[in-house]
Amino acid sequence: MTADLPELRSARLILRRPIPKDVETRLALGRHREIVEGYGGTFDPNATLSQGDAEAATRFIEQQNCAWVIDAGCFIGHVRLQNIDRQDKRATLAIGIDDLAYLGKGYGAEAIKLVLGYAFDRGLHRVSLRVLSSNSRAIACYRKCGFVEEGREREAALVNGA
């Protein structure tokens, strides 16, 4: 798994590396409470997404060794494998859908299944993830993709002061 990642395709999606147009698309999506809190952040209704924020988000994807933009005709989010351990043949999955219009419609599951296929085809044996207990939409998606709960970390994320 290298920075020269292949495009991965499904019926509705292309997983690809970022392109310059993604910055403007990400900027136009702005910030939304459900998405910010799903990531474990604290939503500030007075904060706006700046050009610099959109550039940083795209640069973050570019800098990851194993990360793709989720493209459903345009940028809608990203998915990545991180903490790749070749000796133990394992990695951690992270995904974010940044466009409210694509939440709850199976796009996340479709992207995850593409990445899992890629990971297992390249010799990984285990892919794990973390999710906030309050993110029921993500939990349902992960279960749909075959993930099972193995444990819970208590008081592991500070969200909205709690």
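The values are calculated or read from the model by the stated rules, or taken from the named source; none is laboratory data. Remember, it's a predicted structure, so these values are computed and weren't measured experimentally. Here Cβ is always computed from backbone atoms with ideal geometry, including for glycine, and neighbour counts include all displayed protein chains. For accessibility, only protein heavy atoms count, side chains too; no ligands or nucleic acids. Shrake-Rupley method; radii C 1.70, N 1.55, O 1.52, S 1.80 Å.
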Suppose we filter segment 53-93 for residues that are of a type in the set (Phe, Trp, Tyr), buried (at least 20 other Cβ atoms within 10 Å of the Cβ) and over 11 Å from the mean Cα position of the chain (by Cα); how many remain? 1
Among the residues of segment 86-125, what is the count of those that are touching a Leu at 6+ places or on another chain (Cβ under 9 Å), among the charged types (D, E, K, R) and without any contact (Cβ under 8 Å) to a residue 40 or more places away in the chain? 3
Could you run through segment 28-52 and say how many residues are in a helix (DSSP H, G or I) and either under 17 Å from the mean Cα position of the chain (by Cα) or at pLDDT below 90 (or both)? 7
Looking at (1) within 30 Å of ARG154 (Cβ to Cβ); (2) touching a helix residue (DSSP H, G or I) at 6+ places or on another chain (Cβ under 8 Å); (3) surrounded by fewer than 16 Cβ atoms within 10 Å (Cβ to Cβ), can you tell me which one GLY96 breaks? (3)
Condition first: under 22 Å from GLY108 (Cβ atoms) and of a type in the set (Gly, Ala, Ser). Now tell me which residues in segment 18-55 satisfy that. ALA28, GLY30, GLY38, GLY40, GLY41, ALA54
Would you confirm whether or not segment 2-21 contains a residue that is part of a helix (DSSP H, G or I) and either surrounded by fewer than 13 Cβ atoms within 10 Å (Cβ to Cβ) or in contact (Cβ under 8 Å) with a residue 12 or more places away in the chain (or both)? yes
Does GLY30 satisfy the condition of being open to solvent by 30 Å² or more (accessible area, probe 1.4 Å), of a type outside the set (A, V, I, L, M) and free of Cβ contacts under 8 Å to residues at least 24 places away in the same chain? no
Suppose we filter segment 118-162 for residues that are in a helix (DSSP H, G or I) and either open to solvent by 40 Å² or more (accessible area, probe 1.4 Å) or farther than 17 Å from ASN65 by Cα (or both); how many remain? 11
